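Below is one structure; the comments refer to it alone.
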Amino acid sequence: MTTPTPDRPATEPAASGPPGAPALPPAKAGWLSQLIGKALLAAYRLFGTLAGPGLRRVHARRAERGKEDPARRGERFGHPSLPRPEGRLVWLHAASVGELNAARALIGTLAKTHGPVLVTTGTVTSARIAAASLPAGAFHQYVPYDTPPNLDRFLNHWRPDLAIVMESEIWPATITALAARGIPLISASATMSPRSARGWRKLRPLAAQLFPRIALSLAQTQEDADRLRALGVAQVEVAGNLKIDSATLAADPQALALMQQAIGTRPTWLAASTHDGEEAIIGAVHIDLRHRLPGLLSILVPRHPERGPEIAEMLCAKGLRVALRSAGEALTEAHDIYIGDTIGEMGLYYRLAPVAFIGKTLIPGGGGQNPLEAARLETALLAGPNFGVLEDIYHPLIEAGGIEIVADDMALADAVETLLNSPEARQDRARRAARFVEAQSGALAATLSALAPYLDSDLAPHPEGPER
């Protein structure tokens, strides 16, 4: 189990053997195990109840670093900033930007066909994206910290009829609070890595108190389904990965036309969703390539836009000429690097560059970012080898020839040069990625079908789970 922290409400819990091994049998809890599990859960809830002053200090420190929104502090402690809409309400939680993007099509469909959708996330960047992109009928709040007092305030106000969590969110106080109120909890696009599974197996008594309370898990793969079932989720279906069915990113036509005009015929590539440590690599790649590709423009889009000014300062210190979009600096022929430090414009940046490197893959333990948004826009894709938890996307995409893995900055520079100099190779790579996405689609339809009994019935099924 990954210990829940205010940084990011997600967990890595549960177990399975190596690829090809038979699924582990469901975890069984005898009377002693049940007693231990109840004690662990009670201790967690008690700690959360007593942690209020400490959490407030943590929130204040995080706000000073720009990781929390002080103006919406109350939401993190269960105090709503909006009224509850009339009628049935679906609560969907997406931890951060990646999960929110994956859930976008599901949110839009639910809001259109089943009424209001309360969307919660836990990061400042995801909140900004939600504000800019949520469809009519959906609205955003910050998720409350996972403690009984915060959740009681949150649930007393919102009274959701159904709760949906994206991917790997397992929060003990949230699960037990929903079960106590008879609110069905469904995990959509659910994942359970072998490492997470092993962690939960070590905490089998606690797992036996939590996983049976999940009404339904809609797993991304059969392997995920086997691990979730082994942990005690009674109803598990394989529905696929909602990231693959995400809507194509939009771009403002006027902004796109202006940027295309400013770029002209310059050879251009994109480093998307970069993390600390990768921007220096991108700068080194540009310095290496600018003599081989005269007029080269590198577009750099950091995963956390607030880092834009510090990245610009670092690159300028290397002698590079940088334009910062958030500062309204117009791109000219004199600029080497254009930093796209804005919210909700990834669709614009992908359309500007025929070659895109996907970030969080060239730093140790990176973990990867979703490459499928770029694949839908027929971009030739590159990534580093550290894509970690997204291996279920990267490995088949690699096998399909839709993305090339580069080991380091030198390999990245060579790959960018090759693709920019070879339209045929570039177009073939982009077409393969687009075909992969099309072939893998269907998760949204499968998810909506599985959700139908919970959305269309006032008496939606709910597991009894462990004794409360």
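The values are calculated or read from the model by the stated rules, or taken from the named source; none is laboratory data. This is a predicted model, so every value here is computed, not measured. Virtual Cβ from ideal backbone geometry, glycine too; neighbours counted across all protein chains shown. Surface accessibility is based on the protein's heavy atoms, side chains included, excluding ligands, DNA and RNA. Shrake-Rupley method; radii C 1.70, N 1.55, O 1.52, S 1.80 Å.
Things to note:
- Simple spin-label estimate for Ala71 and Arg88 gives 3.5 nm between the two label positions (7 Å along the Cα-to-Cβ direction from each Cα).
- Binning the alpha carbon pair distances of the chain at 20 angstrom intervals from zero yields the distribution 24, 54, 21, 1, expressed in whole percent.
- Reciprocal of mean inverse Cα separation for the range 294-396 (Kirkwood radius, Å): 14.6
- Cα Rg, Dmax (largest Cα-Cα span) when computed across the range 37-133, Å: 15.9, 43
- Normalising the Debye intensity of the range 66-225 to I(0), with uniform scatterers on Cα atoms only, and taking log10 at q = 0.11, 0.13 Å⁻¹ returns -0.42, -0.60.
- With helices as the sole contributors, the chain gives -13500 deg cm²/dmol at 222 nm; each DSSP H run of n ≥ 4 counts as -39500 (n - 2.57), and the sum is divided by every residue.
- FRET efficiency for the pair Gln34 and Lys112, taken as 1/(1 + (r/R0)^6) with r the Cβ-Cβ distance and R0 = 41 Å, rounds to 0.40.
- As a ratio to 2.2 N^0.38 Å, the alpha-carbon radius of gyration computed for the range 315-468 takes the value 1.37.
- Between helix 423-440 and the chain there is an angle of about 10 degrees, using the helix long axis and the longest principal axis of the Cα atoms.
- Taking all C-alpha pairs of the range 253-305, those more than 16 Å from each other amount to 49 percent.
- Near Leu382, the amide H atoms lying under 5 Å from its own belong to Ala356, Phe357, Ile358, Glu404; only residues 5 or more places off or on other chains count, and H is placed 1.01 Å from N.
- Principal-axis tilt of helix 31-50 within the chain, Cα atoms, nearest 10 degrees: 60
- A 1.4 Å probe over all protein chains sorts Asp252, Asp341 by accessible area into Asp252, Asp341, starting with the largest.
- Volume per residue for the range 161-228 equals 72 cubic angstrom (convex hull of Cα atoms).
- For the chain, the number of Lys pairs separated by eight or more positions or lying on different chains, with C-alpha atoms closer than 27 Å, is 8.
- Over the range 295-352, Cα pairs under 8 Å with separation of 6+ residues give a relative contact order of 42 percent.
- Accessible-area composition of the chain, carbon plus sulfur, in percent [1.4 Å probe]: 55
- Cα radius of gyration and Dmax for the range 371-446 (Å): 12.7, 42
- Annotation: average projected area of the range 183-291 is 11.8 square nanometres, based on the convex hull of Cα atoms across all directions.
- Per the Cα gyration tensor, the range 283-350 maps to an equivalent ellipsoid with semi-axes of 19, 13, 11 Å, ordered largest to smallest.
- In Å², nearest 10: area of Lys360 left accessible to a 1.4 Å probe: 60
- With viscosity 1.002 mPa s and temperature 20 °C, the Kirkwood radius over alpha carbon pairs of the range 216-269 converts through Stokes-Einstein to a diffusion coefficient of 145 µm²/s.
- Working from label points 7 Å from Cα in the Cα-to-Cβ sense, the Leu258 to Arg56 distance is 4.5 nm.
- FRET efficiency, 1/(1 + (r/R0)^6) with R0 60 Å, evaluated for Leu455 and Thr418 via beta carbons: 0.75
- Length gained on full extension, Ala439 to Lys318, computed as 0.36 nm times the residue gap minus the Cα-Cα distance: 39.2 nm.
- Percentage relative contact order, the chain, counting C-alpha pairs under 8 Å, at least six apart: 15
- Across the range 367-413, the relative contact order, built from alpha-carbon pairs under 8 Å that are at least six residues apart, equals 40 percent.
- Note that the chain presents 42 Å² accessible area per residue, ligands and nucleic acids not counted, probe 1.4 Å.
- Rg and Dmax over the alpha-carbon atoms of the range 239-346 stand at 14.6, 50 Å.
- All Cα pairs of the range 107-161, percent lying beyond 12 Å: 67
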